[in-house]
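Chemist: Sending over a structure as structure tokens; questions will come in a sec.
Here, each number is a calculation from the coordinates, and none is a lab measurement. As the structure is a computational prediction, the values presented were derived from the model and not from experiment. Glycine also receives a Cβ, built like all others from the backbone with ideal geometry; neighbour counts cover every protein chain displayed.
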There are 2 protein chains.
Amino acid sequence: MSGLSLERYLADRRVLVDAALERLLPAEDVPPPTVHRAMRYSVFAGGKRLRPILAIAGAEAVGSAADDVLPTACAIEMIHTYSLIHDDLPAMDDDDYRRGHPTNHKVFGEAMAILAGDALLTLAFQAIAENAAKVDPRVVADVLADVARAAGTLGMVGGQVVDIESEGKRVTAETLEYIHTHKTAALIRASLRAGAMLGGGHPGAVEAITAAGDALGLAFQIVDDILDVEGNLAELGKSAGSDERKKKVTYPAHHGLDASRREARRLVEHAIAALDSLGPPAEPIKALGRFVLERRS
Amino acid sequence: MSGLSLERYLADRRVLVDAALERLLPAEDVPPPTVHRAMRYSVFAGGKRLRPILAIAGAEAVGSAADDVLPTACAIEMIHTYSLIHDDLPAMDDDDYRRGHPTNHKVFGEAMAILAGDALLTLAFQAIAENAAKVDPRVVADVLADVARAAGTLGMVGGQVVDIESEGKRVTAETLEYIHTHKTAALIRASLRAGAMLGGGHPGAVEAITAAGDALGLAFQIVDDILDVEGNLAELGKSAGSDERKKKVTYPAHHGLDASRREARRLVEHAIAALDSLGPPAEPIKALGRFVLERRS
């Protein structure tokens, strides 16, 4: 897949995802309106939709279409968004800006930001479960449990706990990898898996896509860390170097920029190799991996 | 069911629920330990287990046993607990004590309290979904979506949003009823419904139990309000009159104590009548309704 056709692929899938999110989220005038405005503010704040597109790409890689996976793809985006809203809170990372916009609590206040996050997490599981009207309920239950494990204390929340507990401390390379694999990679991996499972992939295909998800998830976080070190406010939409200012542990801080770039490349190549058995339908996932290595924001 | 046998019933079911919660929650030494300690601190802080016992009673009322409903019953208790942890946060109700113990954020800090709440909500849905290994996955998906709707912005979170937005304001009787039916009654109703659905109840039975749940949910909240007005620190384990101090709207403040007591009694009688078609298996739900009218803490 060329750079140009990947761009088209991403734009097309993004339109699908945004339209589905529009349908799944209560309108702003549904009572109580404030919380629905707060939820929509962060969901439609210009995210790249990486996770839902990976879920769709996972379904396509096993020969399925986007339709059956869309509600679950959107649910994972809601989980990602809730985690950003809560991570930005004063009691957590205390960030005022996210993607160039004021963070949720700066606009709606802390109480509403906490509740909007809670509501997005709740609505996410509702959307996954309601999809059982169209897709085999046993697969839906398996996917839901899988996503919940990736989002919980043995996944994303666990990564955030260790990240917060590590602030201002020297941490080992082992702890750094724990934070990255849990805070980011777990949900990336769950996105691809959800797509492959809901798409009816056989166990071998789901396994290959899971292996790719593990490698891509870690690669994405390393690239995020590199961008934070290199970036600037205009490109990144949040204060560049903010991780360093808060003495957050990053991959480049631990291993240096060059080694970080090499490791991200090695991981993406590993993911691409894992997908070889699936042939051309897995091409978009591979292209997404290459794309991430080259992204500048 | 006499008062004595209800006491025995509650004690027996409580042992079942506590043992299942013990199995479902990660142990305190599972990494990252802090968040698991924080989750367990609030889950095992002496709650009455009203919601999970109602879920079990809902299953029993349609002729099923507790086993198939236990993980879901515990999940609802986790959702209830997460809502208490988040409601107590400084940005929300700012409470220092709950059931006579320091609130979660007073012990573990705000960041950990937010994350422990997030994790309990996530684990709740995981537990409901994992139950599909034993129970019909289609019913599991239906129950999960139902519980999520009861916990989200059209249910519990919506009630908390309006409650917070009403603080210090004069509100209409209509707004007060909105807060009560959404903040408390929705999850009470979902508990009974979940039990009836997972227990394989036919649609008429589920409908009767839902009607009872609506009435009992509102009755329980009115009694809570009455107790807050009448209570004292020793009996209630939190500062009595705290709702009034924060100018929270309560049923007695709006309608007076006598009318509030009458309304709670009327609702419980309505619930009992709704359950008549189910015969003796519904007796524990009826007894629970009567018990709530008489409770003093």
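Chemist: Choose one of A:172, A:288, A:209: the residue whose Cα lies farthest towards the positive end of the charge dipole of segment A:3-294 (beta-carbon charges +1 Lys, Arg; -1 Asp, Glu; about the Cα centre).
Modeler: A:288
Chemist: Among A:83, B:64, which comes first, second and so on when ranked by fewest other beta-carbon atoms within 10 Å? Let's see the in-between values first.
Modeler: On the way: A:83 22, B:64 19.
By the 10 Å Cβ count, ascending: B:64, A:83.
Chemist: Where the only charges are on Cβ atoms (+1 Lys, Arg; -1 Asp, Glu), what is the dipole of chain A about its Cα centre, to the nearest 20 debye? Can you show the working numbers first?
Modeler: Working: 33 positive and 42 negative charges, 66 e Å.
The calculated dipole for chain A is roughly 320 debye.
Chemist: Also, I was wondering about something else. Pull up all non-local amide H partners of residue A:98: gap of 5 or more, or a different chain, and H-to-H distance under 5 Å with H placed in the peptide plane.
Modeler: So residue A:98 has HN proximity to A:103.
Chemist: At 1.567 mPa s and 4 °C, plugging the Kirkwood radius over alpha-carbon pairs of chain B into Stokes-Einstein gives what diffusion coefficient in µm²/s? Numbers along the way, then the final one.
Modeler: Details: Rh = 19.2 Å.
Here the translational diffusion coefficient equals 67 µm²/s.
Chemist: If we sort A:149-161, A:276-288 on the protection proxy, mean other Cβ atoms within 10 Å, highest first, what's the order?
Modeler: The packing order, highest mean first, is A:149-161, A:276-288.
Chemist: For chain A, set up a GNM with springs between Cα atoms under 10 Å and report which of A:101, A:202, A:86 has the largest fluctuation.
Modeler: For chain A, modelled as a Gaussian network with Cα springs under 10 Å, the answer is A:202.
Chemist: Report the semi-axes of the equivalent ellipsoid for segment B:1-86 in whole Å, largest first, where each axis is √(5λ) for an eigenvalue λ of the Cα gyration tensor.
Modeler: On the way: eigenvalues 133, 35, 25 Å².
One finds semi-axes of 26, 13, 11 Å for segment B:1-86.
Chemist: Just subtract the alpha-carbon distance of residue A:265 and residue A:99 from 0.36 nm times their residue separation and send over the number in nm, one decimal. Display every interim value, and only then the final one.
Modeler: Working: separation 166, 0.36 × 166 = 59.76 nm, distance 2.53 nm.
Extra length from residue A:265 to residue A:99 when fully extended: 57.2 nm.
Chemist: To one decimal place, what Kirkwood hydrodynamic radius in Å is obtained for segment A:60-143 from all pairs of distinct Cα atoms?
Modeler: Details: mean 1/r = 0.0706 Å⁻¹.
Value: 14.2 Å, from the Cα pair sum.
Chemist: Once you average over the residues of A:145-152, how many Cβ atoms of partner chains fall within 10 Å of each Cβ? Working shown, then result.
Modeler: Details: counts 9, 2, 4, 10, 5, 2, 7, 11.
Mean shielding count: 6.
Chemist: Give, as a single signed number, the net charge of other residues whose beta carbon lies under 13 Å from the beta carbon of residue A:148, with Lys and Arg counted +1 and Asp and Glu -1. Write out the running numbers ahead of the final one.
Modeler: On the way: positive: A:149, A:193; negative: A:142, A:146, B:118, B:130.
Local charge sum for residue A:148: -2.
Chemist: Taking the highest mean first, how do the peptides B:105-117, A:132-144 order by number of other beta carbon atoms within 10 angstrom per residue?
Modeler: B:105-117, A:132-144
Chemist: Using unit Cβ charges (K, R positive; D, E negative) and no other charged atoms, how large, in debye to the nearest 20, is the dipole of the protein assembly as shown about its Cα centre?
Modeler: Values: 66 positive and 84 negative charges, 10 e Å.
Charge dipole, the protein assembly as shown, about its Cα centre: 40 debye, nearest 20.
Chemist: Would you work out which of B:83, B:11, B:155 lies farthest towards the positive end of the dipole of segment B:1-155, given +1 charges on the beta-carbon of Lys and Arg and -1 on that of Asp and Glu, about the Cα centre?
Modeler: B:11
Chemist: Pairs of lysine in segment B:3-289 with Cα under 21 Å and at least 8 positions apart or on different chains: total?
Modeler: Lysine pairs meeting the criterion: 16.
Chemist: Let me ask you something else. Counting partner chain Cβ atoms within 10 Å of every residue's Cβ in B:33-46, what's the average? Mind showing how you got there, number by number?
Modeler: Details: counts 2, 5, 9, 4, 0, 2, 1, 0, 0, 0, 0, 0, 0, 0.
Mean number of neighbouring Cβ atoms from other chains: 2.
Chemist: Charges at C-beta only: +1 for Lys and Arg, -1 for Asp and Glu. How large is the resulting dipole of segment B:47-142 about its Cα centre, in Debye rounded to 20? Present the calculation step by step, with values, prior to reporting the outcome.
Modeler: Working: 8 positive and 15 negative charges, 53 e Å.
The calculated dipole for segment B:47-142 is roughly 260 debye.
Chemist: Right, next: For labels at residue A:294 and residue A:173 in the simple 7 Å Cα→Cβ model, what's the distance in nm?
Modeler: Once both label points are built, they end up 3.0 nm from each other.
Chemist: Calculate, axis by axis, the spread of Cα positions in the protein assembly as shown along the three principal axes, and write the results as whole Å, longest axis first.
Modeler: Its Cα atoms span 73, 46, 45 Å along the three principal axes.
Chemist: For A:130-143, what's the mean count of beta carbons from other chains sitting within 10 Å of each residue's beta carbon?
Modeler: On the way: counts 6, 2, 9, 4, 0, 1, 2, 8, 7, 2, 7, 12, 5, 1.
Average per residue, whole number: 5.
Chemist: Shifting gears a bit: In chain B, with Lys and Arg counted as +1 and Asp and Glu as -1 at Cβ, which of these residues, B:200, B:271, B:145, has the Cα nearest the positive end of the dipole, that is, farthest along it?
Modeler: Positive-most Cα among the choices belongs to B:271.
Chemist: So, one more: If I build a Gaussian network model for chain B, linking alpha-carbon pairs within less than 10 angstrom, which residue out of B:20, B:186, B:264 has the largest mean-square fluctuation?
Modeler: Its mean-square fluctuation being the largest, the pick is B:20.
Chemist: Right, next: Provide the FRET efficiency to the nearest 0.05 for the residue B:5-residue B:276 pair, computing r from the beta carbons and using R0 = 22 Å.
Modeler: 0.65
Chemist: Taking the Cα centre of each part, how many Å lie between segment A:1-64 and segment A:181-233?
Modeler: Distance between centres, Cα-based: 17 Å.
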